[in-house]
1. So, restricting to helices (runs of 4 or more DSSP H) that lie completely within segment 188-258, which ones have at least 2 residues that are within 26 Å of Gln280 (Cβ to Cβ)?
2. Mind listing whichever residues of segment 252-289 are touching a helix residue (DSSP H, G or I) at 6+ places or on another chain (Cβ under 6 Å), of a type in the set (A, V, I, L, M) and over 22 Å from Val189 (Cα atoms)?
3. Could you list all residues from segment 218-273 that are of a type outside the set (Gly, Ala, Ser), surrounded by 14 or more Cβ atoms within 10 Å (Cβ to Cβ) and farther than 22 Å from Pro71 by Cα?
4. Check Val37, Val68 and return the single one that is under 24 Å from Pro235 (Cβ atoms) and of a type in the set (Val, Ile, Thr).
5. Just give me the residues in segment 143-178 being of a type in the set (D, E, K, R) and within 15 Å of the ligand (Cβ to nearest atom), in sequence order.
6. Look at Leu127 and say whether it is surrounded by fewer than 21 Cβ atoms within 10 Å (Cβ to Cβ) and either in contact (Cβ under 8 Å) with a residue 12 or more places away in the chain or more than 9 Å from the ligand (Cβ to nearest atom) (or both).
7. Can you name the helices (runs of 4 or more DSSP H) wholly within segment 22-119 that have at least 1 residues being modelled with pLDDT of 95 or more and more than 11 Å from the ligand (Cβ to nearest atom)?
Amino acid sequence: MAVPSIGVRLPSSHLPAAPLWSRLWRRPLFKRGFYEVLGLVLWRRKGLQLLNCGYADANYSRFPLPLVDEPERLGYQLYHRLVRDTPLAGKDLVEIGCGRGGGAHFLARECGLRRLIATDASFMLILGNRRRPGPPNLEFRTASASRLPLPAESCDIVVSVESIHPQPDKSAVLAEAARVLRPGGRLLVADFFYTRDSSTNSASGFRASVQGSPFERVEEDWTDQAAAALEEDSPRRLAEIDRLPRFLWPAALSFAGTVRSPLYAQLRQGQARYLHFRLQKAPAPARTV
Ligand SMILES: C[S@@+](CC[C@H](N)C(=O)[O-])C[C@H]1O[C@@H](n2cnc3c(N)ncnc32)[C@H](O)[C@@H]1O
């Protein structure tokens, strides 16, 4: 498809050195550093509260959103779609990898949750999120998804939007989610996975990790909706990248979801799939007298 024309600085012919950035991305320290720098760079930036691909569906019902969040509707729609079939009123929810916190604000505000604890490994992102006024049932904490600062069986739902793919040890994340969930609780995942089995982020590897976990799995393929969202939202996203400091352009073009990212091509060419997993922990056994 044609690359949309965008702001004045970002050259339309500029393509990132994708293999170099992919190699760097495999290093955990680079990944950590990238999100810390992002937290710093976006510190004062209004908008850009979401860092996900989004979910586009022409027939999706239009749920209310504050005007200020409208430009990122497709990203909020991904959160809406993720929790749509799970009862949330009065429940305790934990988000892992909350990023800039837009999804956590949306869920805490709109879903009648008793409490939402939004966590992320990035200190700077969490610090930035704490500065923003939010609903009283929302709290932000710095934490790795494989070591949540929460007691066992203390929440009903765990959500993860695109925070599984950066983590090398998916089994550890699943085990930690299973620990903090109450019996009958759910882990809701939306993320991209590679179809090549040898990838550290392969769909088959993740399914195998789920198989070895206490969760029952329901899986849906949202690749078309994610790719369509990237197409629809790319002009806005490229304009946002244009406003970043120049040294971040190659990384942003590699990792941010736009039609110029390697991920978009991989989704459209079948090398990656965007998947939803609804993972259910077994309910407590019925007590016999
Ligand atoms: C692509 S962003 C998604 C953010 C957010 N869920 C959204 O949709 O806007 C991935 C997030 O995962 C976080 N992350 C990466 N590794 C993590 C880990 N081991 N534990 C917790 N969060 C992690 C990153 O800091 C980043 O904020």
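The values are calculated or read from the model by the stated rules, or taken from the named source; none is laboratory data. Predicted, not measured: the structure shown is a model, and the values here were computed from it. Using ideal geometry, Cβ is built from the backbone for each residue, glycine included, and neighbour counts are taken over all protein chains shown.
1. Numbers: elements: 203-211, 223-242, 249-255.
Hits in segment 188-258: 203-211, 223-242.
2. Ala252, Val259
3. Scanning segment 218-273 gives Glu219, Leu248, Pro250, Pro262, Gln266, Leu267, Arg268, Gln271, Arg273.
4. The match here is Val68.
5. Arg147, Glu162, Asp169, Lys170, Glu176
6. Details: surrounded by fewer than 21 Cβ atoms within 10 Å (Cβ to Cβ): yes; either in contact (Cβ under 8 Å) with a residue 12 or more places away in the chain or more than 9 Å from the ligand (Cβ to nearest atom) (or both): yes.
Yes: the conditions hold for Leu127.
7. Details: elements: 28-41, 73-83, 102-110.
Ranges flagged: 73-83, 102-110.
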